[in-house]
Structures are given as structure tokens and as C-alpha cells.
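One structure below.
Each reported figure results from applying straightforward, stated rules to the coordinates on display, with no laboratory input. The structure presented is a predicted model; accordingly, all values stated were derived computationally and were not measured. A quick note on method: Cβ atoms are made from the backbone with ideal geometry, for glycine too, and the neighbour counts reach across all protein chains shown.
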Amino acid sequence: MSNAPRLEFMLNGRATATAAEPATLLVDLLRGTLGLTGTHQGCDTAQCGACTVLLDGLAVKSCSVLALQAQGRSVTTVEGLAGLAGKSDGALHPVQEAFIACHGLQCGFCTPGMMMAATGLLQQNPTASEAEIVDALEGNLCRCTGYVNIVAAVQQAASAMAQEAA
């Protein structure tokens with residue numbers, strides 16, 4: 001039996017309790033302990049953004065956050081995006097739909113992190129300009145798309161989210 005501290009937090013809208021050693025990174029807890037492999041582990045130095053999740057609604061790189069820092073907080077991963085938008089029965093979040101429609105992905109490795117960074121931005125700034133979108137995605141690297149379609153996807157998602165809110 002482990003003496004690791006107990007960690008209780010909301011994960012994708014559900015109360016979650018587990019144990020986590022003090023040095024465990026949030027990305028390792030999500031992928032390993034909890035089996036949520038949509039959060040990708042890339043550089044382990046907070047440079048690539050593949051591990052981006054929402055922590056209390058703000059985009060963070062989970063490779064630079066200790067799991068215990070999530071105590072009492074809310075974590076949303078790409079697996080929880082649909083629920084964040086109140087979707088169910090296999091429906092997608094507007095950001096997910098826009099990435100598909102605008103071909104904002106190719107190999108898919110960076111896609112979950114890009115989607116989470118975009119969602120965090122649009123929650124904070126639903127009318128983000130193109131420059132603000134580019135700035136918000138700056139910490140997320142993509143080796144395939146050239147970013148044009150990703151920015152277009154975020155713009156389309158913003159429009160769709162505004163229409164849903166109206």
C-alpha cells in the first residue's frame with residue numbers, strides 16, 4: 001500500500017480521487033495512472049504544448065504542473081471537451097468539429113494540445129482576433145500543418161460557439 005498523498009479533483013466534470021507521489025507530473029498521472037492518453041507527452045520541457053490541458057479553465061502544459069497542484073481544482077483533457085460544451089452521445093465540441101472541418105490536423109500528435117489551448121483562449125476571449133489566436137497558440141508546436149488551417153479552425157470554432165451562445 002502506497003503512502004502517497006491522496007489527490008481529489010474534478011476531471012472532465014467528474015469527481016476523481018487517486019494517490020500521487022509528490023514528484024508526479026500531471027501529464028504522468030493523466031496518461032499513466034488514469035489512462036487518459038489523449039494528453040500527449042512530447043518534450044517534457046513545456047516547449048511543445050502537446051500535453052496542454054485546462055486547469056480551472058486556463059490552458060497549462062501538464063508536463064510542468066505537479067499532479068498534487070490539481071488538488072481541489074478542475075482539470076479538463078481533450079477527452080472531456082465535448083462535456084465541457086454540454087455535448088453528449090458522441091457529439092463533438094465546436095473546437096473539435098472545426099479542426100476536422102478546416103483540416104487543422106495532419107499527424108494528430110499536436111492536435112489535443114492545440115485544441116485545449118484554443119478552447120482555453122476562446123473561453124477567456126470568445127472574439128479573439130487572428131493575432132490573438134496566433135499568440136495563444138505560440139507555445140504549441142506543429143511539424144505538419146503550417147498553422148494556417150489551425151488558425152482557421154480556431155476562428156471557425158469561435159464563430160460556432162458564438163452562434164450556440166446566441
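Spin-label pair H103-R143: with each label point 7 Å from Cα along the Cα-Cβ axis, the two points sit 2.1 nm from one another. Determine the shape class of region 81-165: with a ≥ b ≥ c the square roots of the Cα gyration tensor eigenvalues, call it rounded for a/c under 1.5, and otherwise prolate if a/b is greater than b/c, oblate otherwise. Verdict is oblate for region 81-165.
Neighbour counts of other Cβ atoms within 10 Å put L26, L36 in the fewest-to-most order L36, L26.
Might you report the magnitude of the Cβ-based charge dipole of region 25-135 about its Cα centre, with Lys and Arg at +1 and Asp and Glu at -1, to the nearest 20 debye?
220 debye
Exposure proxy ranking for M161, M114, M10, based on other Cβ atoms within 10 angstrom of each Cβ and starting from the fewest, stands as M10, M161, M114. With a Förster radius of 22 Å applied to the beta-carbon distance between S88 and T127, the computed FRET efficiency rounds to 0.20.
Considering only A101, A70, Q155, the residue lying farthest towards the positive end of the dipole of the chain is A70, judged by Cα position with unit charges set on Cβ. Ordered by the count of other Cβ atoms within 10 Å of each Cβ, fewest first, V154, V134, V78 give V134, V78, V154.
Centroid-to-centroid, using Cα positions, region 95-166 and region 63-91 are 17 Å apart.
Over the C-alpha trace of the chain, radius of gyration and Dmax come out as 15.6, 52 angstrom. Please compute the net charge surrounding P126, taking Lys and Arg as +1 and Asp and Glu as -1 over other residues with Cβ under 13 Å from its Cβ. That sum, taken over residues with Cβ under 13 Å, equals -2. May I ask you to list the residues of region 126-140 whose amide nitrogen lies under 19 Å from a point 7 Å from Cα along the Cα→beta-carbon direction of A166? The answer is 126-130. Note on R14/Q47: beta-carbon distance plugged into 1/(1 + (r/R0)^6) with R0 of 25 Å gives a FRET efficiency of 0.25.
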